[in-house]
Amino acid sequence: MVGRAPWVSGLITGLAYFVFAAAAILATRLSGGLALMWIANAVLLTAFLLTPHRLWIIPAVGTFIASLAASITVSPVPEAAFFFASANVAEAWIVAEILRHSNIRRDPFDSARAVFIFIVSAGIIGPAISGFIGAATASAAFGRSFVGSWLDWFAGHGLGTIMATPLILLPFLGDSLLRKQTTAAKVRAAGLLLLVTVTALGVFSQNDYPLLFLPLLPVLMATFVLGRSGAAASVAIVAVIAGVQTALNSGPLSLMHTEDAVRFQFLQFYIAFQFAIALPVAAILRQRDTLTEHIQDHAAALQLLLDNTSDVLLNLDIEGRIRLASESVREVAGYEPEELIGKNALSLVDGPWVERVRAVHLEALEEPNKTFTVEYRARRANGELAWFETRTRVIRRADGTTAGVVSAIREVGHRKSIEERLMEAAQTDALTSVLNRRGFLQKLNIALTDKVGPVKPTTIAMVDIDFFKRINDQYGHAAGDLALSRVASILKAEVRVGDIVGRIGGEEFAIALVEADLNDAATVCERLRAEIEQNHIPIAPGKSIQLTASFGLAALVPGPAGAIEAALENADSALYAAKHNGRNCLQIAA
């Protein structure tokens with residue numbers, strides 16, 4: 001049917017349908033009514049599944065003609081052929097449409113869901129609907145009751161289609177026992193089917209004990225080992241053996257004291273039960289094998305990634321304990337992967353950063369659909385501190401619960417070094433190499449924020465080079481730049497450790513004398529003033545300019561909002577007063 005011209009496939013489908021239909025009419029009309037095992041519709045359903053929807057009309061017409069031919073040639077009521085053919089084609093079409101609209105295009109046996117939909121549509125819905133036409137025709141043709149005819153049609157068509165479709169369709173899907181590649185696989189398949197045959201013969205060749213449950217075990221064995229083709233073949237073997245023995249009035253079904261048609265219908269339900277167990281199991285096993293293949297593919301890809309990445313991958317449980325560490329941790333941090341198993345990842349993080357990393361871990365657990373990033377310092381195996389960046393995301397189980405987190409870690413020391421240099425450059429005055437206004441304020445804020453214990457006074461000093469404009473105007477900007485650099489060098493060299501120096505204006509500098517009251521700060525600033533006064537700027541051979549500077553001091557009490565800006569303003573006012581008082585002096589804000 002596959003790979004041929006549509007009309008050729010339609011012809012082959014019609015011929016196959018004729019053979020199966022004629023055989024069913026001749027072999028399974030046991031009570032003068034309808035055929036009790038109608039497997040011909042499995043041929044048409046297979047054609048529908050393997051043919052594009054737009055071409056369904058071709059196999060439909062072919063099987064309609066074949067059904068007419070079978071009824072006319074071997075049926076005792078050829079005048080009913082048109083109605084039976086219409087019902088047969090309509091039934092297969094209904095089943096195929098249900099499968100198509102359920103997104104089951106070619107293979108109704110590749111998942112438990114697909115098998116369920118196939119059994120419901122082919123075993124219940126399709127024959128139930130077409131049975132109204134078939135039963136009405138049969139009751140008129142054979143003189144039997146409508147209900148009895150409908151039940152015969154429903155059982156014979158539903159169970160026949162369920163049983164025969166896998167046997168016909170699976171070889172076209174490349175799933176056939178004849179295609180086993182190795183001799184061992186062929187021998188194993190033959191052995192299992194032989195076991196099914198022997199068991200079925202043993203059960204249905206005697207009529208002393210109702211051992212109908214016995215064939216199910218070898219059928220399931222064949223299903224587990226050979227898959228869905230093994231399930232279909234083994235159930236078909238049981239069906240043929242049981243059908244022949246039952247037709248000969250032998251086997252355990254002969255213990256039923258009823259007419260042949262009823263025993264045959266019971267056999268149909270028995271075979272359907274075998275299919276209803278074996279096919280879903282085969283589908284689940286197929287899904288498992290497919291999932292296993294996908295897992296193996298992903299595992300190979302992940303291993304390739306792990307082997308070729310410098311990032312460290314950690315698998316952590318919910319508490320943060322390390323369950324798995326990639327080999328790259330040896331190169332990046334000096335640890336052996338095995339020695340990290342069972343350790344809490346936070347134990348590797350430098351103390352000041354532990355809470356930050358813990359907070360990100362908890363955030364990831366709270367929002368499992370997001371990836372979180374955190375930078376921190378951690379210790380290498382040799383005790384050295386280094387900068388790392390972690391991207392972390394939750395691992396979720398199939399039921400949606402959290403199994404842990406996976407983290408990708410890379411060393412970012414080089415990047416952090418560049419960032420620090422860039423930040424330092426952005427906060428440093430290019431001419432004097434002291435902090436600019438932005439850097440001065442930021443560093444002062446940090447210094448005040450990091451204070452622990454009782455708050456101690458801090459003093460802000462504003463420093464201005466006296467007559468700086470005159471230096472620029474008379475001697476040029478080169479002399480002015482030299483004056484600025486000289487004063488900045490003196491301030492940096494002479495302040496205490498922990499004090500902060502910055503250039504916050506043209507010729508204005510600021511000094512934060514941390515934890516120094518006004519008296520202490522005045523002592524330091526007086527020394528600075530005197531040091532500046534002793535410096536001369538050479539402007540020509542044998543000629544120089546003496547430098548002097550004015551200082552304004554103001555107290556800064558950490559805490560209140562705007563305290564820094566207020567202290568700067570007060571110090572600036574004191575500086576203005578110092579200039580007004582003759583320059584080259586100190587003035588403390590009132």
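Summary of computed values
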| read-out | value |
| --- | --- |
| Residues satisfying the stated conditions in the range 356-413, i.e. in contact with a Phe, Trp or Tyr (Cβ under 8 Å, 6 or more places away or on another chain) and small (Gly, Ala, Ser) | 364, 378, 381, 413 |
| Subset of the range 213-256 that is outside any helix (DSSP H, G or I), of a type in the set (A, V, I, L, M, F, W, C) and at pLDDT 90 or above - its residue that is surrounded by the most Cβ atoms within 10 Å (Cβ to Cβ) | 214 |
| Test: residue in the range 176-198 that is modelled with pLDDT under 85, closer than 26 Å to residue 45 by Cβ and either surrounded by 20 or more Cβ atoms within 10 Å (Cβ to Cβ) or of a type in the set (S, T, N, Q) (or both) | yes |
| The one condition in (1) touching a Gly at 6+ places or on another chain (Cβ under 7 Å); (2) modelled with pLDDT of 95 or more that residue 514 fails to fulfil | (2) |
| Residue in the range 404-426 that is more than 17 Å from residue 317 (Cβ to Cβ), free of Cβ contacts under 8 Å to residues at least 40 places away in the same chain, out of contact with any strand residue (DSSP E or B) (no Cβ under 6 Å at 6 or more places or on another chain) and β-branched (Val, Ile, Thr) present | yes |
| Within the range 498-518, tally of residues that are over 59 Å from the mean Cα position of the chain (by Cα) and loosely packed, with under 14 Cβ neighbours inside 10 Å | 1 |
| Residue identified as touching a helix residue (DSSP H, G or I) at 6+ places or on another chain (Cβ under 9 Å) and within 20 Å of residue 152 (Cα to Cα) among 227, 243, 251 | 243 |
| Test: residue 91 is under 17 Å from residue 124 (Cα atoms), in the same structural domain as residue 116 (by TED's automatic domain parsing) and surrounded by fewer than 16 Cβ atoms within 10 Å (Cβ to Cβ) | no |
| Which listed residue, of 270, 209, is of a type in the set (Ser, Thr, Tyr) and part of a loop (DSSP other than H, G, I, E, B) | 209 |
| Enumerated helices (runs of 4 or more DSSP H) restricted to the range 432-502, each holding at least 3 residues that are farther than 21 Å from residue 578 by Cα and of a type in the set (A, V, I, L, M) | 437-449, 477-494 |
| Residue among 213, 264, 224 that is of a type in the set (A, V, I, L, M, F, W, C) and under 39 Å from the mean Cα position of the chain (by Cα) | 224 |
| Selection status of residue 27, more than 46 Å from the chain's Cα centre (by Cα), within 21 Å of residue 266 (Cβ to Cβ) and surrounded by fewer than 19 Cβ atoms within 10 Å (Cβ to Cβ) | yes |
| Spans of helices (runs of 4 or more DSSP H) in the range 61-178 with at least 2 residues more than 29 Å from residue 282 (Cα to Cα) | 81-101, 126-142, 146-172 |
| When residues of the range 267-280 are limited to those that are surrounded by 19 or more Cβ atoms within 10 Å (Cβ to Cβ) and at pLDDT below 85, the one nearest to the chain's Cα centre (by Cα) | 279 |
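The values are calculated or read from the model by the stated rules, or taken from the named source; none is laboratory data. Keep in mind it's a predicted model, so treat the numbers as computed, not measured. Note: ideal-geometry Cβ built from the backbone for every residue, glycine included; neighbour counts use all protein chains shown.
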